[in-house]
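The values are calculated or read from the model by the stated rules, or taken from the named source; none is laboratory data. Every value quoted in this text rests on a predicted model; they were computed, and no experiment measured them. Every residue, glycine as well, gets a Cβ built from its backbone with ideal geometry; the counts of neighbours run over all protein chains shown.
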Amino acid sequence: MANGDASLENKLRRMLYNHIISYPGVSFNTLKNIFELTESGLRYHLNYLEKNNKISSSLEREIKCYFPHPASVTILKHTKDTLESQKLSRDLELILTTIMRYPGITQKDLIKKTGTNRFKIHRDIRTLKSLNLIKNIRRGNTICYEYIPDVEMKFKIIKGFILKLINNEIDEETFLRLIKRLGE
């Protein structure tokens with residue numbers, strides 16, 4: 001590395017670190033699914049980053065989440081409602097990134113790849129469709145999902161709104177109004 005940081009010389013480890021920086025609070029399972037790693041391989045790299053003070057982790061509601069070091073301290077102080085919003089954003093992030101990675105994926109394959117039950121998938125698909133982030137594609141009797149090309153920009157904007165909501169910089173009413181406006 002140009003900055004001499006040996007802990008980020010490994011390309012995969014650097015990609016994991018960058019993802020955690022971009023999505024603080026990302027769960028172990030989300031990382032495992034996005035990077036398609038074995039549990040032991042992912043655990044090795046995450047432990048390495050944690051030992052080198054690049055990331056920190058916390059266990060919330062039996063879900064291990066990763067943060068840039070030392071951001072976990074401030075995030076853990078949020079209310080129960082904030083943690084629910086954070087969980088929802090991680091669910092949406094996982095569904096959307098999976099659809100982006102596998103254009104034309106079916107609901108059945110989304111369930112397999114994300115490990116999420118069909119009711120949550122259905123809820124999240126409905127939410128993502130209402131935000132005009134994904135669309136249905138019919139192939140015979142099968143419905144597949146694809147992201148709408150400008151989704152990456154909208155996703156970054158939504159992520160920013162979610163972070164502002166989590167950090168209490170905007171209230172829930174403002175958040176919903178901004179999301180609704182973005183979907184128009």
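Only residues that are over 21 Å from ASN33 (Cα atoms) and modelled with pLDDT of 75 or more were counted across segment 128-147, and they come to 11.
Yes/no per residue for (1) crowded, with 17+ Cβ neighbours inside 10 Å; (2) under 17 Å from the mean Cα position of the chain (by Cα); (3) not assigned by TED's automatic domain parsing to the domain that holds LEU165:
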| site | (1), (2), (3) |
| --- | --- |
| LEU12 | no, no, yes |
| VAL26 | yes, yes, yes |
| GLU36 | no, yes, yes |
| GLU39 | no, no, yes |
| LYS51 | no, no, yes |
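For the criterion of being at pLDDT 80 or above and within 17 Å of THR98 (Cβ to Cβ), GLU173 fails.
Within segment 23-41, being in contact (Cβ under 8 Å) with a residue 12 or more places away in the chain and either touching a Phe, Trp or Tyr at 6+ places or on another chain (Cβ under 7 Å) or within 14 Å of ARG90 (Cβ to Cβ) (or both) holds for TYR23, PRO24, GLY25, VAL26, SER27, PHE28, ASN29, THR30, LEU31, ASN33, ILE34.
Checking the conditions here, which among LEU92, LEU182 is assigned to a helix (DSSP H, G or I), modelled with pLDDT under 85 and either at positive phi or over 18 Å from the mean Cα position of the chain (by Cα) (or both)?
LEU182
Restricting attention to segment 110-125, does a residue exist that is assigned to a helix (DSSP H, G or I), in contact (Cβ under 8 Å) with a residue 40 or more places away in the chain and surrounded by 15 or more Cβ atoms within 10 Å (Cβ to Cβ)? So far as segment 110-125 goes, yes, one or more of its residues are assigned to a helix (DSSP H, G or I), in contact (Cβ under 8 Å) with a residue 40 or more places away in the chain and surrounded by 15 or more Cβ atoms within 10 Å (Cβ to Cβ).
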